[in-house]
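What follows is a set of notes on a single structure, which appears directly below.
Just so it is clear, none of the values below were taken in a lab; they were calculated from the coordinates. Predicted model only: the values in this text are computed from it and were never measured. Here Cβ is always computed from backbone atoms with ideal geometry, including for glycine, and neighbour counts include all displayed protein chains.
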Amino acid sequence: MDSNSYCMSVCLQVIEAKEAEQRLLESQLQVSKTEKDLKHEEMLRAREEVLSNFAELMETELQCSICSELFVRVTLKTYLMICNISFVWLLP
C-alpha cells in the first residue's frame, strides 16, 4: 500500500469515527431536550396546582360563615371586609 492510499484510509477512518461521535452527541442532545421539555411541563402543572389550591384556600377564607357568599372590601383605605348579604365583618 502506498502512502497516499494509507493516508486516505486513515482519513476515512477518522471521518467515520467523528461522524459516529456526532450521531451519538446529537442523540444525547435530543434526549436532553426531551427531558427538559418534560421537566418544564411538570413544573407548569405543579405551578398550576399550587395556584388552584391557593385560589380555593382564599375563597374558603373569604367566605361568609352564615351565607357562604364572598366578603367584599368596604373601602380602599381599610382592609375591613363585609358580607353584603349577612353583614358579617371580617377584620384583618
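Some observations on this one:
- Residue by residue, segment 3-17 carries 3J(HN,Hα) couplings of 5, 5, 5, 5, 4, 5, 5, 5, 4, 5, 5, 5, 4, 4, 5 Hz when phi is fed to the Karplus relation 6.51 cos²θ - 1.76 cosθ + 1.60 (θ = phi - 60°); x denotes Gly or Pro.
- For C64, residues with placed amide H under 5 Å, excluding near neighbours: E69, L70, F71
- Whichever aspartates and glutamates have a C-alpha closer than 14 Å to that of K18, once near sequence neighbours (fewer than 8 apart) are set aside: E26
- Set the Cα radius of gyration of segment 1-56 against 2.2 N^0.38 Å, with N its number of residues, and you get 2.38.
- Karplus-based coupling profile of segment 29-34, in residue order and whole Hz: 5, 4, 4, 4, 5, 5, with θ = phi - 60° in 6.51 cos²θ - 1.76 cosθ + 1.60 and x standing for Gly or Pro.
- L38/M58 FRET efficiency (R0 25 Å; Cβ-Cβ; nearest 0.05): 0.25
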